Each structure stands twice: as structure tokens, then as C-alpha cells.
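Just below is one structure, and these are the notes that go with it.
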Amino acid sequence: MQELDVAKAELCALYLGLQSDAVISRERLSPTWSGFDDRSYVRTVFAMFEGVGYAIRQYILAQALSGRYQISAQERDLLNEKTFVLDGKGNIKTKESFLQFLPGFRLTINILGRCLGREMYVANAFGHHTYESFQNGIAIRNRVTHPKQTQEMMLSRDEIETVEKAENWFNSLLAELLGDAFTRHSDPLGANAV
């Protein structure tokens, strides 16, 4: 039970903290020039996406360990970001295997949606036109985080709007799914298992 509480508390605290950072950085954006504040906003939003995605994986794993969620061994290993290799003596070794952001995020949300019986909602969210902003935002984030030329540091108003749409899509998706998860699992373990 404690692992469930810790995973849920960590997810909530991380999401609220990173969401607050995103709001503060969005408020600092200038409508007339591009620079540090624009780049900071983009990096902050993607830090939220990545950090909260990781925390959701930990939440799913805790739910699965308690028996509330059913996940496969492969899903568990991927959510744990682990793989296994053999050493020269034939011993199995655990190796960290970090998920690529977009496939890892989709896997995480697909599993959460399935565990909640919300597969159709998740499919519709990933099929919605604003999901394209989420995908396009990744290229924007990568460019401003790892610029090779001066012009790659600058962001257009359209690019900022793309990241804002991505942030709104993410927050809407998680409000629905996490709201559902937390409502269903507010009862003691075993009282309302899914």
C-alpha cells in the first residue's frame, strides 16, 4: 500500500511543480521578441512531459504490483526502462534501457488507458489534430535544446503556439486519465479494484 501512496504522491507533486514552472515560463513570453524566455518555456514544458511521463510509469508499476493493474512482463520491463543481457559467463545482467520519448510516452499512456478501460479515449486523443502539435513540439524542443547555428535558437510565434497547443493537449489528456485513475483508486486496496 505504501508504494501506491508514494507513487501517487510523487506523481502529483512532480506534475504540480512542473506545471507551475510551465505557467511561470509561459507568462514570461514576449509577443515581440524571441530569446531566452522562449527557449526556457519550451524546455520547461518538455521537462514536464518527460518527468510526468516517468512518474506515470512508476504509478502504473505500483498499481500493477498491488494487483490493481494487469500488465505483461514485457510491459513491466519497458516501464522500468530495463532490459536483460548475458555476460560472458552466461549470467543474466540487468541493463538500463531508456525509452525514446515519444514511443515511451505513447506506451505509458496506452497502458494506463487500457488499465482504466479507456482505450477508446486514448486512441481518440492520439488521433486528435492537436496531437500533431505535441509531435511537432518535439522537433522544436530538440532544435532549441541542441542548437547548431544561431538561427536555431530563435523561435517564431507559430512555434511557441505549437508548444502551447502541445501543453494544452498533454494537460487535457492527463486531467482525464489521472482524474479517472485517482477517483477509482481513492478507496483502500481491494475495495474498488480495476
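General observations
- Subset of region 143-168 (residues that are of a type outside the set (D, E, K, R), under 15 Å from TYR41 (Cβ atoms) and in a helix (DSSP H, G or I)): VAL144, THR145, MET153, ILE160, THR162, VAL163, ALA166, ASN168
- Matching residues in region 24-44 - criterion: being surrounded by 13 or more Cβ atoms within 10 Å (Cβ to Cβ), aliphatic (A, V, I, L, M) and in a helix (DSSP H, G or I): VAL42
- Boolean, ARG57 is under 14 Å from GLU159 (Cβ atoms), assigned to a helix (DSSP H, G or I) and not polar (S, T, N, Q): no
- Subset of region 26-48 [more than 19 Å from PHE134 (Cβ to Cβ) and among the basic types (Lys, Arg)]: ARG28
- Only one entry in LEU102, LEU107, LEU173, LEU116 is among the hydrophobic types (A, V, I, L, M, F, W, C), open to solvent by less than 20 Å² (accessible area, probe 1.4 Å) and under 24 Å from ALA47 (Cα atoms), namely LEU173.
- Extreme residue, modelled with the lowest pLDDT, among residues of region 83-108 that are closer than 20 Å to VAL122 by Cα and assigned to a loop (DSSP other than H, G, I, E, B): LEU99
- For region 122-157, a tally of residues being under 30 Å from THR183 (Cα atoms), surrounded by fewer than 15 Cβ atoms within 10 Å (Cβ to Cβ) and touching a residue at least 40 places away in the same chain (Cβ under 8 Å) returns 1.
- Annotation: ALA191 fulfils all but one of (1) open to solvent by less than 60 Å² (accessible area, probe 1.4 Å); (2) of a type in the set (Gly, Ala, Ser); (3) outside any helix (DSSP H, G or I); (4) at pLDDT below 95; the unmet one is (1).
- Only one of ALA47, ALA9, ALA64 that is part of a helix (DSSP H, G or I), crowded, with 18+ Cβ neighbours inside 10 Å and either among the small types (Gly, Ala, Ser) or in contact with a strand residue (DSSP E or B) (Cβ under 7 Å, 6 or more places away or on another chain) (or both): ALA64
- Residue check, LEU78 touching a residue at least 12 places away in the same chain (Cβ under 8 Å), in a helix (DSSP H, G or I), out of contact with any Lys or Arg (no Cβ under 8 Å at 6 or more places or on another chain) and not charged (D, E, K, R): yes
The values are calculated or read from the model by the stated rules, or taken from the named source; none is laboratory data. Please read these numbers as outputs of a predicted model, since none were measured by experiment. As a convention, Cβ positions derive from the backbone with ideal geometry for all residues, glycine included, and neighbour counts pool all protein chains shown. For accessibility, only protein heavy atoms count, side chains too; no ligands or nucleic acids. Shrake-Rupley method; radii C 1.70, N 1.55, O 1.52, S 1.80 Å.
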